[in-house]
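Remarks on the structure that follows.
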Amino acid sequence: GLPAALPALPLELTVLYNSLLFTVGASDSAIKGEAEGIRQGLLRVLEACGACGQDLGTEELWEKVLQEVTVEELQAPLHRLGALQAAWWLAARRLGSVAGLFQLLSTAEDPGRARCSEGQNELLSVIKAWQVPPEGASLPLVQSAKDLKEILCTAAAFLQGLQELEAGNFPAALSLLQEATGGFCSKNILAQIYTCLGCCAQRMGRPQTALQHLKRALQVDFQCLPALSHVAAVYHELGEIDAELQALTLLYEALGKNPPAAASSSPYFLMQTELLVHTPVLTSLLRHHHRSEVKYLLAQRCLQDGRVADAVEHYLDFLSLLQEGLQQQVPLDGSSALPRIPEVFLEAASALEQAGRHQDAITVCEEVISRTTDLIPRVLRVEERLEQPVSSLPGAELAGGLLSQKKESLCCLAWRAAGYLHQGWAWAKLGESKEAVTQFSRCLSDLLRVQLHGSGVSQTEKLQPEVEVLQKIRLLSLIGRGTQFLELGRHREALLDFQHSLQISPGDPAAASYLVQALWKLNRKQEAAAQWQKFSQSSPGEDPGQQQGQGRPLPLYLVSCLEQAMFPHSESLARSIQDYLGTAAQDTSS
């Protein structure tokens, strides 16, 4: 409440500088908002000089103080306070304000010094050009302005590197992040910077460079587990499955241990880089995976690579984690690597089937079927051109909710139908053809709930992926039931299923081959030969992992069903038909 007096202001501003640093250090959390204490200090400086600036914004206030206050004793404390102001603005990502403030600080000292050289980063140049004021012996500081300047340089390089990374300007991001690695920061922050460098190099298509940066991050701080998850992602991109699985295993084990207290390799500072750099892109890059997510990735990668025994073990471990309240442990904001839980069950069933544990697969599928039964309407109408409503139109929110509900119903129907599909193939493997036919028929009956309205490829534009999955399940179920009809000697019923399969997916190699076999078994050899010749001439050769026509990846839980539906007797059937055609040609010539 005392009036401002020039002789006391150097001490007053130094006390303000120290108290703000103590406040920041005590909170140990990211700096937010404005530093009101700095504004009040500047107003007292103006008051002591016979001026006022109550109506000015903080930037204008700094400009007025630095241009009008020329008292020599106030220059050093004002410059230190300016550096502290820059820290607050950096934390708020007001980089332009920081650059303007340092321009003013440097111009006040030397009008010619603050110019930025061509090709240099402007913000870093003006911070580096600022001359740290000398410290007075009578006024001790809790953190020197020199150390504060180094932290500001590191934070500015790091922040700008993250901004360029988010904007897709990777060369600029790489340069700024490399600048930040040479700055003043803790081991924790240095590891984070190297992790961001690795992500930048990966996005530039330089995976080996990315690995070097990520390994450097782990060397600096092995507790930087996001770097380890990015290492696994790079190895996945390179197709190095052994290295990827090793990285995931290490990550899983590390997540199960209590991390030791981080030992700082540098002196403790009240103002640190950690308090200034907090952006959404950094949060995203450094997201910590839960152990369950890593366990799922191990299971998924093993299944994709055909390591069935390992996949089964990982899937069963994961399913046991469900008993520990998994939904409360995994983020629900879309950032998780986990698919929907019914899909994980179906993938586990697929792994169990491939491992020969057919009864276990049937049990797992029964869980999916029982949990989704009450979630599917009796009839599910899919309208033509069902698009996302325009948000500005009346009723758009309600229409959007109905669309979302319909998509959810389609997903539940796909999971339940896939459960029956897997059970059908499992019973077939156990030699129980009648039970297999029953399960395939239940699958097809379920799919009759969907009523498509409209025609043409443009229909159900927003629901197309879900509808395609249902169509693929219908195709696989028809082929599966047809194969079991063949096993039971019910060749005519098998023929109908294969004909229906080709209506759903014209030219499908498995359906076409089985159709030829059914005709052959019905002693309609001439038709069989004609169909075989027609198929041989077209031979589309579909990739088992891709949906025909659209090129969308199949859900992982359907890939094994697609493989089981492949026709196994191509060579022997081809020889029989070629022999028949040869004999028919001889008979004709004679």
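The values are calculated or read from the model by the stated rules, or taken from the named source; none is laboratory data. If you're wondering where the values come from, they're calculated on a predicted model, not measured in any experiment. Positions of Cβ are generated from backbone atoms using ideal geometry, with glycine treated the same way; all protein chains shown enter the neighbour counts. Side chains included, ligands, DNA and RNA excluded: accessible areas come from the protein's heavy atoms. Shrake-Rupley method; radii C 1.70, N 1.55, O 1.52, S 1.80 Å.
Points worth noting:
- Complete set of residues in region 333-381 that are within 27 Å of the chain's Cα centre (by Cα) and not in a helix (DSSP H, G or I): ASP333, GLY334, SER335, SER336, ALA337, LEU338, PRO339, ARG340
- Checking each residue in region 20-69 for being over 47 Å from the mean Cα position of the chain (by Cα) and within 22 Å of GLN103 (Cα to Cα) picks out LEU43, VAL45, LEU46, GLY53, LYS64, VAL65, LEU66, GLN67, GLU68, VAL69.
- Subset of region 496-507 [crowded, with 22+ Cβ neighbours inside 10 Å and under 21 Å from GLN533 (Cβ atoms)]: PHE498, SER501, SER505
- Inter-residue pairs, beta-carbon under 6 Å, first in contact (Cβ under 8 Å) with a residue 60 or more places away in the chain and in region 1-23, second open to solvent by 50 Å² or more (accessible area, probe 1.4 Å), 6+ apart: PRO10/GLU73; ASN18/VAL142; LEU21/VAL142
- Options GLN120, GLN160, GLN143: the member that is at pLDDT 95 or above and over 17 Å from GLN75 (Cβ atoms): GLN160
- Restricting region 162-210 to residues that are assigned to a loop (DSSP other than H, G, I, E, B) and among the hydrophobic types (A, V, I, L, M, F, W, C), the residue that is surrounded by the fewest Cβ atoms within 10 Å (Cβ to Cβ): MET204
- So ARG94, is it buried (at least 19 other Cβ atoms within 10 Å of the Cβ), among the basic types (Lys, Arg) and closer than 19 Å to LYS149 by Cβ: no
- One residue stands out among those in region 526-555 that are among the polar types (S, T, N, Q) and open to solvent by less than 80 Å² (accessible area, probe 1.4 Å): the one that is modelled with the highest pLDDT, which is GLN531.
- Pairs linking a residue in region 43-70 that is closer than 18 Å to ALA8 by Cβ to a residue that is among the small types (Gly, Ala, Ser), with Cβ atoms under 8 Å and 6 or more positions apart or on different chains, are LEU43/GLY53; ARG44/ALA4; VAL45/ALA4; LEU46/GLY53; GLU47/ALA4; ALA48/ALA4; ALA48/ALA5; VAL65/GLY53.
- Only one of the numbered conditions (1) at pLDDT below 90; (2) crowded, with 18+ Cβ neighbours inside 10 Å is violated by GLN564, and that is (1).
- Region 470-489, residues that are part of a helix (DSSP H, G or I), open to solvent by 10 Å² or more (accessible area, probe 1.4 Å), in contact with a Ser or Thr (Cβ under 7 Å, 6 or more places away or on another chain) and of a type outside the set (Lys, Arg): GLN484, GLU487
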